[in-house]
1. So MET142 passes all but one of these: (1) within 16 Å of ligand 3 (Cβ to nearest atom); (2) in contact with a Cys (Cβ under 7 Å, 6 or more places away or on another chain). Which condition number does it fail?
2. Scan GLU304, GLU314 and give me the residue that is modelled with pLDDT of 95 or more, away from ligand 1 (no atom under 16 Å from the Cβ) and surrounded by 18 or more Cβ atoms within 10 Å (Cβ to Cβ).
3. Given (1) within 25 Å of ARG20 (Cα to Cα); (2) at pLDDT below 75; (3) out of contact with any Leu (no Cβ under 9 Å at 6 or more places or on another chain); (4) surrounded by 16 or more Cβ atoms within 10 Å (Cβ to Cβ), identify the lone condition not met by ALA203.
4. Of these, ALA56, ALA19, ALA9, ALA48, which one is among the small types (Gly, Ala, Ser) and within 16 Å of MET102 (Cβ to Cβ)?
5. With the checklist (1) farther than 24 Å from LEU351 by Cα; (2) hydrophobic (A, V, I, L, M, F, W, C); (3) in contact (Cβ under 8 Å) with a residue 60 or more places away in the chain in hand, flag the one item VAL266 doesn't pass.
6. Among residues belonging to segment 1-29 that are among the basic types (Lys, Arg) and closer than 26 Å to SER162 by Cα, point out the one that is nearest to ligand 2 (Cβ to nearest atom).
7. Scan segment 225-232 and give yes if some residue there is of a type in the set (Lys, Arg), farther than 24 Å from PRO375 by Cβ and assigned to a helix (DSSP H, G or I), otherwise no.
8. When only residues in segment 20-33 that are near ligand 1 (Cβ under 8 Å from one of its atoms) and part of a strand (DSSP E or B) count, which is farthest from GLU156 (Cα to Cα)?
Amino acid sequence: CYRKGGYHAVRVGDTFNAARYVAQRKLGWGQFSTVWLAYDTRSSSYVALKIQKSAAQFVQAALHEIEVLSVIANGDPSNSKCVVRLIDHFKHTGPNGQHLCMVLEFLGDSLLQLVRYNRYKGLALNKVREICKCILTGLDYMHRELGIIHTDLKLENILLSSTIDPGKDPVKSGLTPILERPEGSLNGGATMNIIEKKLKQRAKRAVAKISERRASMGGVVVQKSERSLDGIDMMCKVVDFGNACWADKQFAEEIQTRQYRAPEVVLRAGYSFSVDMWSFACTAFELATGDMMFAPKNGQGFSEDEDHLALMMELLGKMPRKIAVGGTRSKDFFDRHGDLKRIRRLKYWPLDKLLIEKYKFSEADAHEFAEFLCPLLDFAPEKRPTAQQCLQHPWLNLRTSTQSEMNNESTVENLDSRVSKLQIRGGW
Ligand code: ATP
Ligand code: MG
Ligand code: MG
């Protein structure tokens with residue numbers, strides 16, 4: 001993809017926007033861009049530099065994302081609304097064309113990485129609550145103050161404000177910023193490897209030092225397990241506004257990542273802010289259990305969409321007929337009575353029971369959590385609570401005692417694979 005119209009190749013020490021930003025290391029990439037840790041020489045701080053591919057459709061997409069991010073930044077001067085901040089944007093010309101670049105505040109690992117570090121066991125409910133408050137703060141701001149629908153809320157698109165791995169954090173690890181391309185870098189690849197190796201060694205040493213310090217303070221050497229989550233305050237922010245739209249100016253009929261997609265989107269019955277609330281509930285469930293709430297698959301004689309609708313009904317009860325037949329694609333899945341055409345026998349397993357029986361929640365935890373989630377998963381979109389209403393829910397201010405937290409964290413099965421509870425039709 002590093003060709004005309006594609007990604008811009010970056011080397012450590014490359015400078016951008018009249019030498020204001022200096023590339024330090026790659027943070028990640030997506031379909032549209034590569035994202036680099038960069039040092040901002042003007043503010044003497046680290047930032048994330050998102051460099052878009054250069055073909056026309058990517059430029060268009062970046063212009064849209066910049067527009068949304070600018071509206072978000074303008075409405076939140078104190079940067080306290082749990083959405084990523086756009087700091088700057090500019091054009092960068094390279095051998096593959098002109099690339100739009102976004103400078104964003106530097107954030108840490110995503111919630112998906114957090115759940116992975118925890119070996120897909122599900123996080124302690126007190127941590128889930130803190131994360132939920134942040135996400136809801138962000139959603140309430142987008143929805144109520146700006147009229148923006150995110151349309152792609154999921155674990156990957158929520159980033160922690162600090163990294164889990166201290167070796168990855170340029171401030172905590174005490175690395176000095178690289179200010180120019182290291183000597184001899186003109187011969188490309190070989191030098192690049194040496195620099196990357198050196199950087200990795202430095203990061204490793206930093207992690208070792210921190211682990212040592214903890215051990216000498218009587219703690220346990222940090223491992224990549226739930227232990228390393230202990231010291232993390234759970235502030236997080238919503239990112240990736242490439243697919244966001246305005247409630248009154250929508251671009252696509254099919255939105256959201258499959259597993260987080262609301263029923264009205266599957267049925268093509270129109271959508272609004274409440275699609276984000278559905279995805280939010282799926283996200284909260286996944287944080288607390290380590291499993292996706294819905295992971296539909298196509299099978300013999302039925303499509304992924306039909307399986308998805310069946311999974312929803314098995315967890316939430318039968319979809320009211322009026323809603324089932326109300327979308328432009330309803331006829332593909334439902335007969336006129338509102339029954340699925342190809343999946344006839346549903347195995348109902350309500351949320352509170354599932355939490356107790358499969359995830360070993362205590363009765364109280366299960367009922368309270370289900371009471372919080374179920375209204376967000378109402379098949380009638382207009383009945384779902386808004387982010388503002390959800391922020392008032394008493395569940396967010398409960399504290400689970402340490403004992404039941406430990407039960408929740410240690411007895412959940414299925415540690416190693418990210419499999420949905422309902423993955424195989426008829427499988428349980
Ligand atoms: P997608 O295909 O998901 O739309 P994209 O090209 O729009 O991808 P992003 O999802 O915005 O790119 O970013 C790609 C990756 O870069 C993220 O998954 C994350 O790992 C990292 N990243 C993005 N923004 C930041 C940030 N502000 N701070 C730290 N890392 C970031
Ligand atoms: Mg993304
Ligand atoms: Mg994107």
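The values are calculated or read from the model by the stated rules, or taken from the named source; none is laboratory data. As the structure is a computational prediction, the values presented were derived from the model and not from experiment. So basically every Cβ, Gly included, is an ideal-geometry build from the backbone, and we count neighbours across all protein chains shown.
1. Unmet for MET142, out of (1) within 16 Å of ligand 3 (Cβ to nearest atom); (2) in contact with a Cys (Cβ under 7 Å, 6 or more places away or on another chain): (2).
2. GLU314
3. Unmet condition: (3).
4. Among ALA56, ALA19, ALA9, ALA48, only ALA48 is among the small types (Gly, Ala, Ser) and within 16 Å of MET102 (Cβ to Cβ).
5. Every condition holds for VAL266 apart from (1).
6. LYS26
7. Yes, segment 225-232 has at least one match.
8. That would be SER33.
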